[in-house]
Amino acid sequence: MAELLGTEDTLFVPSGTMGNLISVMCHCSERGAELLVGDESHIHLYEQGGTSQLAGVHPRTLMTLPDGTFDLNELEYKICHNYPDPHYPRTCLICLESTHNMKGGCVLPLSFFKEIRTIADKYKLAVHLDGARLLNAAVSLNIQPSEIVQYCDSVMMCFSKAVGAPVGSIIGGSKDFIQKAVRMRKALGGGMRQVGVLAAAALEAMSDAMERLKADHLNARRFAEGILTFSSPLLSVDLTTVQTNIVKFKVEDTRISPEEFCKSLQTVTEADTSSRSERVAVLMSPYPGGRVRAVWHHQVSAHDTDLTVQKVKYVTEKYKTQLLTS
C-alpha cells in the first residue's frame, strides 16, 4: 500500500474520520495550533469538529469553490503571519479533499496540488489530503494515486467506500509520521489485535479496485445522461460536475422536497406493476439546496443503472401528473 500511495509507510485505521483526526494530531502537536481547511470539507462539516474537540486544533476556513478548490490568495492571506505574538495561533497545516464530497465527487486538478505545495513550502506548513475517494480521483485523472499524494505530507484513503471493503481506512506518510500515528491510534482506541483480519478484506477489495471504479464512473455518467434524455423540467443535472461515481441532481420544483423525492424512489406500491423498473426500490440521499445525491459502487451494474433511470422517470412523471391536477 505504501508503494501505491507513494509514501514511506502506511497504517490501517478503523475509519476515515479517525484517520483524518490522527493526521491532524500528528502535524499539529501543540494545542491551539491552526489548520486551514475548506468550509465545505468533510473534515470541517462531518467529523463532529474532532480537530477542535479532541485535538485542540483551531480550524480556519477557506471558501470552497465549485470545483472543490479554494482561492490561493485567500489561503496565503489567512496563514497566520503574526506568530509567535501570543495573541495568535500558529498555522501548521493545510487540509485538502479529493474527490470532494460536497462538490459531487469533483477531482482536484494536479496543478492545484502543485500550487498548494509551493505555498506550504514557502511557509513551512504540512499538507494533509483527505483522500477517502483517492482512487476515484486517480482513475478520473488516469494516473497513479502516488502522483497525487506526492504533493502532500500525509494522506487518508478509505477502503469501505467505493473500493468495497467491509471496514477500514489507511493513512500514509513518512516513517516518522506513521510512528507518531501508531501512538495516536492507540490513544483513540483504534489499535486492534484483530486488525489483520480486517486488513485482509481490504487487500482483497484492492486487488481489482481501479478497474471496478472505472465501471462505477461510467455508470454514474450513464445515469446523469439518462436523466437528460427525458428532459423533465422537474429535474436538472450539470454534466460537468459528474466526474467520478457521484451524481447530484436538482429537484427544480420547490413543491417537491428532496426528502419526498427520495422517499418516492424507495417506495414500491401494488399499483406499480406495469414494468419491472417501477417495482425497483432506489436508495438516494436528500442534499442541501434542493438536490438529491446518488453514489455508485461495485454492486450497482449498468443494468441496475438503467433501471434506476427508468424509476426516476416514472417518479418524475407521477409528480408531473399530480402537480398538473392539483
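The values are calculated or read from the model by the stated rules, or taken from the named source; none is laboratory data. Just so you know, these numbers come straight off a predicted model, no measurement behind them. Here Cβ is always computed from backbone atoms with ideal geometry, including for glycine, and neighbour counts include all displayed protein chains. Ligands, DNA and RNA are stripped out before the accessible areas are found, and what is left, the full protein with its side chains, is counted by its heavy atoms. Shrake-Rupley method; radii C 1.70, N 1.55, O 1.52, S 1.80 Å.
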Residue-by-residue Karplus 3J(HN,Hα) for region 182-193, coefficients 6.51, -1.76, 1.60, Hz, glycine and proline x: 4, 5, 5, 4, 5, 5, 8, x, x, x, 10, 5
Using only Cα atoms, what is the ratio of the radius of gyration of region 287-326 to 2.2 N^0.38 Å? 1.49
In Å and on Cα atoms, what radius of gyration and Dmax does region 40-97 show? 12.4, 36
How big is D, in µm² s⁻¹, for the chain by Stokes-Einstein at 25 °C and 0.890 mPa s if Rh is the Kirkwood radius over C-alpha pairs? 116 µm²/s
Charges only on Cβ, +1 for Lys and Arg, -1 for Asp and Glu: so what's the dipole of region 157-312 about the Cα centre, in debye to the nearest 20? 880 debye
Sum up the charges of everything whose Cβ sits under 12 Å from the Cβ of residue 191, counting Lys and Arg as +1 and Asp and Glu as -1, but leave residue 191 out. +4
Using a cut-off of 26 Å between alpha-carbon atoms, which lysines can reach residue 186, once sequence neighbours fewer than 8 places away in the same chain are excluded? 161, 175
Counting only protein heavy atoms, what percent of the accessible surface of region 172-326 is carbon or sulfur at a 1.4 Å probe? 54 percent
Considering only the other residues whose Cβ falls under 11 Å of the Cβ of residue 174, what net charge follows from Lys and Arg at +1 and Asp and Glu at -1? -2
Share of alpha-carbon pairs per 5 Å distance bin for region 186-326, given as whole %: 2, 9, 16, 19, 17, 11, 8, 7, 5, 3, 2, 1, 0
Over 13 Å [Cα-Cα, region 109-151], rounded percent: 54 percent
Please give the calculated 222 nm ellipticity per residue for the chain, where each DSSP H segment of at least 4 residues contributes -39500 (n - 2.57) and the sum is spread over every residue; nearest 500 deg cm²/dmol? -12500 deg cm²/dmol
Please state, as a whole number in µm²/s, the translational diffusion coefficient that the Stokes-Einstein equation yields for region 1-156 at 4 °C and 1.567 mPa s, with Rh defined as the Kirkwood radius across alpha carbon pairs. 83 µm²/s
Which of the trypsin sites (Lys or Arg not before Pro) across region 138-210 are loop residues per DSSP, with 11 or fewer other Cβ within 10 Å? 193
Considering the options 23, 140, 65, tell which one lies farthest towards the positive end of the dipole of region 21-155, charges being +1 on Lys and Arg and -1 on Asp and Glu at the Cβ, about the Cα centre. 23
Net charge over other residues, Cβ less than 12 angstrom from the Cβ of residue 38 (K, R count +1; D, E count -1): -4
Please go through region 210-273 and write out the trypsin sites (Lys or Arg not before Pro) that DSSP classes as loop and that have at most 12 other C-beta atoms within 10 Å. 255
Leaving ligands, DNA and RNA out of it, report the carbon-plus-sulfur percent of the accessible area of region 1-63 at a 1.4 Å probe. 49 percent
Quick check on region 88-211: what does the Kirkwood estimate of hydrodynamic radius come out to from the alpha carbon pairs, in Å? 15.6 Å
